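Every number here is computed from the coordinates shown, using simple stated rules; none is lab data. Please read these numbers as outputs of a predicted model, since none were measured by experiment. Heads up, the Cβs are rebuilt from the backbone with ideal geometry, glycines too, and the neighbour counts pull from every protein chain shown.
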Amino acid sequence: MSTSMSSASRNESYLQDQIRALQVQGDYYARKVEIEKRRSDELDHQLKKLREQIQNLRREKVQQQQIHEKLDRELHTKQLDVAKTTQLTQSTY
């Protein structure tokens, strides 16, 4: 009977060790998941900032294109004015 009690005690001790090992392993993986979640949140935040920067750059590009087109139109108008003035000046001589 002492052999079966001793065997049961060893079996119980073995199971408790296994449970502790599984708990430690579970804690380890829980920490890993938490670290990866934080990392994912940080990457999401960086991605959001980069998307905002891209949108701002796109807006600036459109504005610069509009300014460039306006300056091109004004330059063309001024060139026509100069040509007309030159023609008028030459025709008066």
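Hey, if you drop one equal point scatterer on each alpha-carbon of region 50-93 and run the Debye formula without solvent, what base-10 log of I(q)/I(0) do you get at q = 0.15, 0.22, 0.28 Å⁻¹? The Cα Debye sum returns log10 ratios of -0.55, -0.74, -0.87. Here's the picture: charge each Lys and Arg Cβ at +1 and each Asp and Glu Cβ at -1 in region 30-88, and of Leu71, Gln53, Val33 the one pushed furthest to the positive end of that dipole is Val33.
A Cα-only calculation for the chain places Rg and Dmax at 39.8, 136 Å. Using only Cα atoms, tell me the angle between helix 2-92 and the longest principal axis of the chain; keep it within 0 to 90° and round to the nearest 10. Taking Cα atoms only, the helix is inclined about 0 degrees.
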